[in-house]
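This report concerns only the one structure given below.
The values are calculated or read from the model by the stated rules, or taken from the named source; none is laboratory data. Everything quoted here is computed from the prediction, not taken from an experiment. Cβ coordinates were reconstructed from backbone atoms using ideal geometry, including for glycine residues, and neighbour counts include every protein chain displayed. Side chains included, ligands, DNA and RNA excluded: accessible areas come from the protein's heavy atoms. Shrake-Rupley method; radii C 1.70, N 1.55, O 1.52, S 1.80 Å.
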Amino acid sequence: MHCKKRILRTLLNSLVVALPAIVIGCHENHNQSMLHPAGPAATHIAWVWWFLFVVCTTIFLSVILLTAVAIWGPRSTTPHESPLGNRFIIFSGIIIPGFILIALLVVSVRSQVVLGMPNTELTIRVTGHMWWWEVEYPELGIVTANEIHIPVGQPVRIELISADVIHSLWVPNLQGKMDLLPDKVNATWLLAENEGVFRGQCAEFCGVQHAWMGIEVIAMQPDRFAQWTEARRSPSRVALSKSEQHGFDVFFKVACHNCHAIDGTSALGIRGPNLTHLASRRTIGAGLLENNHGNLSGWVANPQTAKPGNLMPRTHINSVDLRSLVEFLETLK
Ligand code: CUA
């Protein structure tokens, strides 16, 4: 009797544990969800997920049912003769699991084919850093950070490498995970069927700010993508106001250029993100904060408040210099 109660309690406990996950999983925000695919790779992965979910749920419920029958069901009066028992073992112990394993093998082999690298015309190189993403378009001469812009309807080759520890690129609406290793170039691909912004996330624990190593894939119509690449290929050129010019001088005075590059200037640092078109990016701190005046000022003043442990130290500058510096950064459209 004691044992039956324990089994019941265990079942109830697992339901209580599973409930929050089910509720969160059904939340209406479809971004960063592999169950709301926006490209062919993710569509296949979602299909495999549902297939495994149905198979495993069926097995789980069958086992629960059989356990209940074993505990509460009728007992045989002649325990040593059981032809039904033997047939049951052959079917549910050999034949059915055999079919399931073969089905899983077929699905697995099929996935290798569907998720294989297609022919691509554009290559983007993504380098993982603790804790941000460097994004290069080697054929186009563009370097940016924490955003991957791609044209809609075209498969794009993504080459992955790490500058430090192992990271993993995961943009669930578009593709499965792929690791970024320090000593080997991995490759994956992205194809978005429609315009949109798809959030991604580092999926391999890489240190204290792993959870805030976000990235966005921005899929744009091919003509808009062409405009975007054209605008990014040359440094932003605007006539600086007096205060912005002062900010430009502050940038070098406090040695921002040791870690950051701005094309068209003598800032050539490579330890931090390239800032050439910083003002046109959607976020700062790798998906951490919306890129607006207040957040940028706070970030420049002390990045350790928003993202403790990141490589950028606190800048010890007065409020006038800070305001000018941020105004200058905001000209980098
Ligand atoms: Cu990079 Cu986790």
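List the residue pairs whose Cβ atoms are under 9 Å apart, where the first residue sits in region 58-75 and is of a type outside the set (D, E) and modelled with pLDDT under 85, the second is open to solvent by 80 Å² or more (accessible area, probe 1.4 Å) and in a helix (DSSP H, G or I), and the two are 6 or more positions apart or on different chains.
Once the first residue is of a type outside the set (D, E) and modelled with pLDDT under 85 and sits in region 58-75, no partner that is open to solvent by 80 Å² or more (accessible area, probe 1.4 Å) and in a helix (DSSP H, G or I) comes close enough.
I'd like the full set of residues that are away from the ligand (no atom under 16 Å from the Cβ) and surrounded by fewer than 21 Cβ atoms within 10 Å (Cβ to Cβ), limited to region 211-224.
Listed by number, the residues that qualify are I218, M220, Q221, P222, D223, R224.
Just checking, how many residues over region 119-136 are farther than 12 Å from N274 by Cβ, away from the ligand (no atom under 16 Å from the Cβ) and not polar (S, T, N, Q)?
Residues that pass the stated criteria total 4.
Would you point out the residue of region 180-196, among those that are within 15 Å of the ligand (Cβ to nearest atom) and open to solvent by less than 50 Å² (accessible area, probe 1.4 Å), that is nearest to H30 (Cα to Cα)?
L180
Can you run down the residue pairs with Cβ atoms below 9 Å, 6 or more apart or on separate chains, where the first is in region 210-222 and of a type in the set (F, W, Y) and the partner is more than 16 Å from the ligand (Cβ to nearest atom)?
So the pair list comes out as W212/A306.
Considering region 179-189 alone, what residues qualify as being closer than 16 Å to W132 by Cα and either touching a residue at least 60 places away in the same chain (Cβ under 8 Å) or within 15 Å of the chain's Cα centre (by Cα) (or both)?
Correct list: D179, L180.
Hey, can you tell me all the residues within region 197-210 that are outside any loop (DSSP other than H, G, I, E, B) and either within 8 Å of the ligand (Cβ to nearest atom) or surrounded by 16 or more Cβ atoms within 10 Å (Cβ to Cβ) (or both)? Spell out how you get there, then give the answer.
First pass over region 197-210, keeping only residues outside any loop (DSSP other than H, G, I, E, B): 197-202, 210.
Within region 197-210, F198, R199, G200, Q201, C202, H210 meet the criteria.
Answer with yes or no whether P172 is open to solvent by less than 50 Å² (accessible area, probe 1.4 Å) and away from the ligand (no atom under 16 Å from the Cβ).
no
In region 137-189, what residues are among the charged types (D, E, K, R), assigned to a strand (DSSP E or B) and farther than 28 Å from S236 by Cα? Steps first, please.
Residues of region 137-189 that are among the charged types (D, E, K, R), as a first pass: 139, 147, 157, 159, 164, 177, 179, 183-184.
Retained after the next criterion (residues that are assigned to a strand (DSSP E or B)): 147, 157, 159, 179.
The answer is D179, and nothing else.
Looking at I166 and the list (1) closer than 22 Å to G272 by Cα; (2) open to solvent by less than 50 Å² (accessible area, probe 1.4 Å); (3) not polar (S, T, N, Q), which single condition is not satisfied?
For I166, the exception is condition (2).
Identify, by number, the condition in (1) under 25 Å from N310 (Cβ atoms); (2) in contact (Cβ under 8 Å) with a residue 40 or more places away in the chain; (3) touching a Phe, Trp or Tyr at 6+ places or on another chain (Cβ under 7 Å); (4) part of a helix (DSSP H, G or I) that A286 doesn't meet.
(4)
Quick check on region 271-289. Is at least one of its residues modelled with pLDDT of 90 or more, touching a helix residue (DSSP H, G or I) at 6+ places or on another chain (Cβ under 8 Å), open to solvent by 50 Å² or more (accessible area, probe 1.4 Å) and charged (D, E, K, R)?
Yes, region 271-289 contains a residue that is modelled with pLDDT of 90 or more, touching a helix residue (DSSP H, G or I) at 6+ places or on another chain (Cβ under 8 Å), open to solvent by 50 Å² or more (accessible area, probe 1.4 Å) and charged (D, E, K, R).
Taking the conditions exactly as written (surrounded by fewer than 13 Cβ atoms within 10 Å (Cβ to Cβ) and in a helix (DSSP H, G or I)), does V320 satisfy them or not? Working first, answer last.
On the way: surrounded by fewer than 13 Cβ atoms within 10 Å (Cβ to Cβ): yes; in a helix (DSSP H, G or I): yes.
Spelling it out, V320 is indeed surrounded by fewer than 13 Cβ atoms within 10 Å (Cβ to Cβ) and in a helix (DSSP H, G or I).
Consider only pairs whose beta carbons are under 8 Å apart and that are at least six residues apart or on different chains; among these, list those whose first residue lies in region 129-147 and is at negative phi and open to solvent by 50 Å² or more (accessible area, probe 1.4 Å) and whose second residue is in a strand (DSSP E or B) and not β-branched (V, I, T).
Every condition considered, the pairs that remain are E136/R125; P138/R125; E139/L122; V143/E134; V143/E136; V143/Y137; V143/A261.
Would you check which residues across region 90-145 are among the basic types (K, R) and touching a Pro at 6+ places or on another chain (Cβ under 8 Å) and list them?
Correct list: R125 only.
Here are some residues: V156, V238. Which one is surrounded by fewer than 15 Cβ atoms within 10 Å (Cβ to Cβ), more than 16 Å from the ligand (Cβ to nearest atom) and hydrophobic (A, V, I, L, M, F, W, C)? Break it down into steps so the answer makes sense when it comes.
Numbers: V156 fails: surrounded by fewer than 15 Cβ atoms within 10 Å (Cβ to Cβ).
Testing whether each residue is surrounded by fewer than 15 Cβ atoms within 10 Å (Cβ to Cβ), more than 16 Å from the ligand (Cβ to nearest atom) and hydrophobic (A, V, I, L, M, F, W, C) leaves just V238.
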